[in-house]
Amino acid sequence: MIEVDIEQRLGTFDLRVAFQADAPVLGLFGRSGAGKSSVINAIAGTSSPARGRIRIGDTTLFDTRARIDVPPEKRRIGYVFQDALLFPHLTVERNLLYGHRLRSTGERFIEPTRVVQLLGLQHLLLRRPANLSGGEKQRVAIGRALLAQPRILLMDEPLASLDVPRKTEVLDYIERLRRELGIPIVYVSHSVPEITRLADTVVVLSEGRCLACGPVEEVMGRLDLRPATGRYEAGALIDARVVAHDDADQLTTLRFDGGELVVPRLEAVPGERVRTRIRARDVSLALHRPESLSILNVLRGTVVAVSDEEGAVVDVQLRVGGAIVTVRITRRSRNELGIVEGVEVYALIKAVSFDQRSVGYA
C-alpha cells in the first residue's frame with residue numbers, strides 16, 4: 001500500500017495530490033507538466049512538501065504533523081531516471097554492486113546473480129557504460145536500483161530517451177521483473193501504451209491535481225478523462241489467457257469472458273495470462289455478423305456509452321463479456337447505423353493491428 005497526500009508550491013506550480021493504491025505496479029500518468037516527477041521526488045525524499053503525509057506499507061516516510069521527514073538515503077527507495085546516470089569509470093558489474101555493498105547482510109533479499117540473469121546482463125559485466133546501447137544502459141540502471149535492496153522502485157519515464165526497438169526490449173524486462181521479483185513499482189509516464197501494458201492501478205494527474213485513481217482498464221477507458229489521457233490513444237484493455245498456437249499461420253488464440261481474439265504468434269505457453277490493448281481506431285462496427293471477411297476477430301457486444309464531443313469523430317463504448325471496448329467511428333456512421341445505448345453490435349478487429357507494444361504479460 002502506498003499513500004500520498006501532499007501539497008507543495010514549486011515556483012508558480014501548485015501541487016495538491018492525494019491518492020492511495022495497493023498494486024504491484026502503480027502508474028502515474030499525465031502530460032508534461034502534470035506533476036508526475038514532483039510526486040515521485042517527494043516519495044524519494046529529494047524534495048519536501050509544505051504539508052502532507054507519505055506512507056509505504058506500515059512505514060511513514062513523511063508527515064508534517066508528526067514532524068517526520070526520513071532522509072532519502074534511509075528510505076530504501078530505488079530510483080530509475082530517464083537517463084541511466086551510470087558511473088562512467090566503473091564497469092557494469094561495479095555499477096550494479098554500488099548500492100548492494102552499502103546494505104547489511106540482513107537487508108539483502110535480492111541476489112546479484114538473479115538480477116543479472118533476469119535483465120540479461122551476463123555478457124555485459126566487464127564493459128563500461130560508454131560501450132553500451134541505450135537499452136543496455138537502462139537495464140543496468142534498473143539492476144543497480146534493485147540491488148540497493150529497495151522496498152519500492154520508482155521509475156521516472158525510463159524509456160523516454162530510447163527508440164522504439166529499445167523501448168520494446170526494456171518493457172519486456174520490466175514485465176519480467178514485475179512477475180518474478182514482486183517489488184512494488186511506481187511507474188511514471190505520459191505514454192498510454194506503456195501505462196496500459198505495465199500498470200495495475202493508475203493515477204491520472206493534470207496541472208498538479210489528481211483526476212482519477214483506480215484499475216488501469218477502468219480509468220484509461222473513461223470517456224470523461226479524454227482531455228487528460230489523450231483522445232488519439234483511446235483504447236481498451238483485455239485480460240485474457242493463451243489457449244492455442246497455430247504454428248503454420250504463426251497466430252495465437254486468446255480467450256476472455258467476451259470471446260476469443262486471434263493475434264500474431266506470442267512466445268507464451270497455453271494457460272498463461274496476457275494483457276491485450278485494443279486501440280479504438282483499430283475497431284469497426286457492424287449491426288450483423290459479417291461473412292466472407294478477412295478480419296479474424298468478431299466480438300459481439302452491447303453499446304453502453306456514446307461520446308458527445310463536437311466534430312466528425314465519436315467514441316462508442318461496448319460491453320463485451322466483462323470488458324469495456326472503445327470504438328472510434330465517424331459521426332456519420334453512428335447516425336446511419338443508429339448507434340445508441342442498448343444496441344447490440346459486432347466489433348471487428350484485424351489480427352494485424354496487434355503488435356509487441358499492445359500485448360504484454362499479465
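Picking from residues in region 268-308 that are over 19 Å from Gly322 (Cβ atoms) and hydroxyl-bearing (Ser, Thr, Tyr), the one that is surrounded by the fewest Cβ atoms within 10 Å (Cβ to Cβ) is Ser292.
Filtering region 160-175 for residues that are under 24 Å from Arg108 (Cβ atoms) and without any contact (Cβ under 8 Å) to a residue 60 or more places away in the chain leaves a non-empty set. If you filter region 74-108 down to residues that are over 27 Å from the mean Cα position of the chain (by Cα) and either charged (D, E, K, R) or part of a strand (DSSP E or B) (or both), you find that the one that is nearest to Ser189 (Cα to Cα) is Lys74. When Glu111 is tested against (1) at pLDDT below 90; (2) surrounded by 13 or more Cβ atoms within 10 Å (Cβ to Cβ), just one condition goes unmet, and that condition is (2).
Just to be sure before I move on: is Leu126 touching a Ser or Thr at 6+ places or on another chain (Cβ under 7 Å), touching a residue at least 24 places away in the same chain (Cβ under 8 Å) and over 26 Å from Ala23 (Cβ atoms) in the structure I sent?
On the way: touching a Ser or Thr at 6+ places or on another chain (Cβ under 7 Å): yes; touching a residue at least 24 places away in the same chain (Cβ under 8 Å): yes; over 26 Å from Ala23 (Cβ atoms): yes.
Here the answer is yes, as Leu126 does meet what is asked.
Suppose the filter is in contact with a Leu (Cβ under 9 Å, 6 or more places away or on another chain), assigned to a helix (DSSP H, G or I) and either among the hydrophobic types (A, V, I, L, M, F, W, C) or over 21 Å from Gln117 (Cα atoms) (or both); does Leu211 pass it? It is false that Leu211 is in contact with a Leu (Cβ under 9 Å, 6 or more places away or on another chain), assigned to a helix (DSSP H, G or I) and either among the hydrophobic types (A, V, I, L, M, F, W, C) or over 21 Å from Gln117 (Cα atoms) (or both).
For (1) among the charged types (D, E, K, R); (2) within 17 Å of Val203 (Cα to Cα); (3) touching a helix residue (DSSP H, G or I) at 6+ places or on another chain (Cβ under 9 Å), each residue gets a yes or a no:
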site	(1), (2), (3)
Arg9	yes, no, no
Thr12	no, no, no
Val25	no, yes, yes
Gly33	no, yes, no
Ile43	no, yes, no
Ala50	no, no, no
Gly57	no, no, no
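Can you say whether Ser38 is assigned to a helix (DSSP H, G or I) and either among the hydroxyl-bearing types (Ser, Thr, Tyr) or touching a helix residue (DSSP H, G or I) at 6+ places or on another chain (Cβ under 9 Å) (or both), as far as the supplied structure shows?
yes
Looking only at region 309-340, count how many residues are within 25 Å of the chain's Cα centre (by Cα) and surrounded by 16 or more Cβ atoms within 10 Å (Cβ to Cβ). Selection size over region 309-340: 11.
Mind checking whether some residue in region 339-348 is under 21 Å from Val219 (Cα atoms), of a type outside the set (S, T, N, Q) and either modelled with pLDDT under 90 or in a helix (DSSP H, G or I) (or both)? Walk me through how you get there before you give the answer.
Taking region 339-348 first, the residues under 21 Å from Val219 (Cα atoms) are 341.
Among the residues that remain, those that are also of a type outside the set (S, T, N, Q) are: 341.
Next cut, either modelled with pLDDT under 90 or in a helix (DSSP H, G or I) (or both) only: none.
No, there is no match, as no residue in region 339-348 is under 21 Å from Val219 (Cα atoms), of a type outside the set (S, T, N, Q) and either modelled with pLDDT under 90 or in a helix (DSSP H, G or I) (or both).
Applying the criterion of being touching a helix residue (DSSP H, G or I) at 6+ places or on another chain (Cβ under 8 Å) and not in a strand (DSSP E or B) to the residues of region 310-334, the residue that is modelled with the highest pLDDT is Ala312.
The one condition from (1) without any contact (Cβ under 8 Å) to a residue 24 or more places away in the chain; (2) touching a helix residue (DSSP H, G or I) at 6+ places or on another chain (Cβ under 7 Å) that Glu291 does not meet is (2). The residues of region 227-262 that are in a strand (DSSP E or B) and in contact with a helix residue (DSSP H, G or I) (Cβ under 6 Å, 6 or more places away or on another chain), listed by number, are Gly235, Leu237, Val262. Restricting region 89-102 to residues that are within 10 Å of Ala148 (Cα to Cα) and surrounded by fewer than 16 Cβ atoms within 10 Å (Cβ to Cβ) leaves a set whose member that is modelled with the highest pLDDT is Tyr98.
Answer yes if at least one residue in region 166-187 is of a type in the set (S, T, N, Q) and closer than 29 Å to Ile56 by Cα, and no otherwise.
First, the residues of region 166-187 that are of a type in the set (S, T, N, Q): 168.
Narrowing the set further to residues that are closer than 29 Å to Ile56 by Cα leaves none.
For region 166-187, residues of a type in the set (S, T, N, Q) and closer than 29 Å to Ile56 by Cα: absent.
Scanning region 1-48 for residues that are crowded, with 19+ Cβ neighbours inside 10 Å and farther than 18 Å from Leu154 by Cα turns up Gln8, Leu15.
Checking the conditions here, which among Val352, Val314, Val320, Val343 is farther than 27 Å from Pro215 by Cβ, in contact (Cβ under 8 Å) with a residue 12 or more places away in the chain, among the hydrophobic types (A, V, I, L, M, F, W, C) and assigned by TED's automatic domain parsing to the domain that holds Asp282? Walk me through it before giving the result.
Details: Val314 fails: farther than 27 Å from Pro215 by Cβ; Val320 fails: farther than 27 Å from Pro215 by Cβ; Val343 fails: farther than 27 Å from Pro215 by Cβ.
Result of the check over Val352, Val314, Val320, Val343: Val352.
A search for C-beta distances below 8 Å between a residue of region 83-95 that is over 11 Å from Ala130 (Cβ atoms) and any residue that is of a type in the set (S, T, N, Q) and part of a loop (DSSP other than H, G, I, E, B), counting only pairs 6+ apart in sequence or on different chains, returns Asp83/Ser161. All of (1) part of a strand (DSSP E or B); (2) modelled with pLDDT under 95 hold for Leu266 with one exception: (1).
The values are calculated or read from the model by the stated rules, or taken from the named source; none is laboratory data. These figures come from a predicted structure and were not determined experimentally. Quick reminder, even Gly has a Cβ in these numbers, built from the backbone with ideal geometry, and neighbours come from all protein chains shown.
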